[in-house]
Amino acid sequence: MKPLLLLLALALPVVATTISVVPIHEPLSMHGTDVDEGITETGEALQATVTARPMALSGAFPEALVEAIRTPHKFPTNSPNYKVDEVNLLVLCNVGITAEGKDDGLHVALNVSHLAVPEGVDLTARQVLKLALVAIHKTLEDYQGPQMAPLHVHVAIEGVSDDTASLKDLETTYKLEGE
């Protein structure tokens, strides 16, 4: 009986998860506050910003990093007057994000099929996507720094309709060097 139990124990898969604390850059709305942020990456002063926050993540990197950009985010506050429950623009505006590693690099898709900028967020759909592109680039730049091989990134805009077809011109491809 003992040899059978040993054989069964050896046949079971061993699952180990590595959890890493990493910076994730997010496109954030600052609606409900009294500030405009100078966004040098887009060349506009907006009531929005791209900033990093630490996250503990597991999964395939860099795919999990990119997908974490669309994580719900509520600003901590000490003001009883600040009542905004969500500031991540991808969550607020229903923009999906997926990432998949392929032979020719990392393929990222921003899905705009349900995109809707809510009332109170003083941005256009194009501005939201530009901020998302900055967040993707900065997140991958942080990841890529210590890597040996370059990373080719392809960002597609998916789920466009007649109303959002012009957003396809935001699609981009770039290469991030490592060490």
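Just so you know, in the range 23-49 the residues that are farther than 17 Å from D122 by Cβ and at pLDDT 95 or above include one that is farthest from the chain's Cα centre (by Cα), and it is P23. Quick check on my filter: what residues within the range 56-91 are of a type outside the set (D, E, K, R), open to solvent by 40 Å² or more (accessible area, probe 1.4 Å) and in a helix (DSSP H, G or I)? The answer is none; no residue qualifies. Within the range 121-164, the residues that satisfy the criterion of being open to solvent by 10 Å² or more (accessible area, probe 1.4 Å) and under 15 Å from the mean Cα position of the chain (by Cα) are K130, L133, V134, H137, K138, E141, D142, Y143, H154, A156. Report yes if Y143 is closer than 21 Å to A64 by Cβ and of a type in the set (F, W, Y), otherwise no. Yes.
Residue count for the range 167-179, restricted to those that are in contact with a helix residue (DSSP H, G or I) (Cβ under 8 Å, 6 or more places away or on another chain) and either open to solvent by 30 Å² or more (accessible area, probe 1.4 Å) or touching a residue at least 40 places away in the same chain (Cβ under 8 Å) (or both): 5.
The values are calculated or read from the model by the stated rules, or taken from the named source; none is laboratory data. These figures come from a predicted structure and were not determined experimentally. Neighbour counts are summed over all protein chains in view; Cβ atoms, including those assigned to glycine, are modelled from backbone coordinates with ideal geometry. Heavy atoms of the whole protein, side chains included, go into the accessibility calculation; ligands, DNA and RNA do not. Shrake-Rupley method; radii C 1.70, N 1.55, O 1.52, S 1.80 Å.
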